[in-house]
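Below is one structure; the comments refer to it alone.
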Amino acid sequence: MAKKIESKRFSLNREDLQKWAKNTLIFLAPALIIFLTAIQSGVPVKEALYSMYLWALNVVIDILKKFIQEK
């Protein structure tokens, strides 16, 4: 059984960063699909970028949660 490395509050360890990177990629796909579909439907790029802005905000919130949590 692998030993789980615990991270202290206000720090990130390798496991936290790997989970963050995985979540970032997983949630990029739906945001990108929404963005590309909107572009194909004739929505202006500026408006279509809202899905990407929300994805970026989610990525920032996720890393901040991992940074603040103490496990």
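To keep it simple, each residue is scored yes or no on (1) more than 11 Å from the chain's Cα centre (by Cα); (2) more than 25 Å from K8 (Cα to Cα); (3) not aromatic (F, W, Y).
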residue	(1), (2), (3)
T24	no, no, yes
T37	yes, yes, yes
P44	yes, yes, yes
E47	yes, yes, yes
I61	no, no, yes
K66	yes, no, yes
Q69	yes, no, yes
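List every residue pair whose Cβ atoms sit under 7 Å apart, with the two residues 6 or more apart in sequence or on different chains, where the first one lies in region 49-70 and is part of a helix (DSSP H, G or I) and the second, anywhere, is among the acidic types (D, E).
Here the result reads K66/D16, each pair linking region 49-70 to a residue that is among the acidic types (D, E).
Among the residues of region 28-48, write down those that are free of Cβ contacts under 8 Å to residues at least 24 places away in the same chain, surrounded by 13 or more Cβ atoms within 10 Å (Cβ to Cβ) and not in a loop (DSSP other than H, G, I, E, B).
Answer for region 28-48, where residues must be free of Cβ contacts under 8 Å to residues at least 24 places away in the same chain, surrounded by 13 or more Cβ atoms within 10 Å (Cβ to Cβ) and not in a loop (DSSP other than H, G, I, E, B): L32, I34, F35, A38, I39, A48.
If you check L64 against the conditions, is it surrounded by fewer than 12 Cβ atoms within 10 Å (Cβ to Cβ) and modelled with pLDDT of 95 or more?
Criteria not met by L64.
The values are calculated or read from the model by the stated rules, or taken from the named source; none is laboratory data. What you see is a predicted model; the values in this text were computed from it and never measured. All Cβ positions, glycine included, derive from the backbone under ideal geometry; neighbour counts span all protein chains shown.
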